[in-house]
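Read-outs throughout are calculated quantities, based only on the coordinates presented, and are distinct from any laboratory measurement. Here the structure is a predicted model, which means the values were calculated and not measured. A quick note on method: Cβ atoms are made from the backbone with ideal geometry, for glycine too, and the neighbour counts reach across all protein chains shown.
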Amino acid sequence: MPITVKWNDRSKAFIESRFQDPWSLDQFIEARKAWYRMIKSVDYSVPILLDLRETNTAPKGALRQFNAIHRSPHPRQGHIYILGMNAIYEKLSAHLFDGVVDPGKSVILVDSIERVLNPE
């Protein structure tokens, strides 16, 4: 499956979404719907980890969908953590996420999954 969506473990501390080439815009939209369903199943704020280590491409329209992640979040959606963003997209990340890439903002670039549980 090009995009997998699952809880990190039984604690349901965060949602882990792994992308693997090739993936489609429709699959990404379905992943976002799955996040919403999962978040609705709990009564606390849920961060989402986007693991992009196994993807270097993006289908047409994907940049708009990445941007929409923080523009139309579920009310209990926590920070978005992005792991493994390729160098080209990392340079674009400030524009891609409308300047919200910052530790105090809604989108945070991380270098390990452990940073989701221990952001400091």
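7 Å from Cα along Cα→Cβ at both Lys60 and Ala34: what's the point-to-point distance in nm?
2.6 nm
For region 1-72, run through the chymotrypsin sites (Phe, Trp or Tyr not before Pro) and keep only the ones in DSSP coil with at most 13 other Cβ atoms within 10 Å of their Cβ.
Filter output for region 1-72: Tyr44.
Can you sort Arg53, Arg10 from fewest to most other Cβ atoms within 10 Å of each residue's own Cβ? Don't jump to the answer; show the numbers that get you there.
On the way: Arg53 12, Arg10 6.
Fewest to most other Cβ atoms nearby, the residues stand as Arg10, Arg53.
Note down the nm distance, to one decimal, between modelled labels 7 Å out along Cα→Cβ at Asp9 and at Glu90.
2.7 nm
Taking R0 as 30 Å, what FRET efficiency do you get between Ser24 and Leu117 from their Cβ-Cβ distance, rounded to the nearest 0.05?
On the way: r = 30 Å, r/R0 = 1.01.
Here the calculated transfer efficiency is 0.50.
For Thr4, Thr57, which order do you get if you count the other beta carbons within 10 Å of each Cβ and list the fewest first? Can you show the working numbers first?
Working: Thr4 13, Thr57 10.
The order, fewest Cβ neighbours first, is Thr57, Thr4.
Extension gain Arg76-Ser45, at 0.36 nm per residue separation less the Cα-Cα distance, in nm? Walk me through the numbers on the way to the answer.
Numbers: separation 31, 0.36 × 31 = 11.16 nm, distance 0.44 nm.
Difference between extended and current length: 10.7 nm.
Neighbour counts of other C-beta atoms within 10 Å: give me Arg37, Arg115 arranged from fewest to most.
Arranged by neighbour count, lowest to highest, Arg37, Arg115 become Arg37, Arg115.
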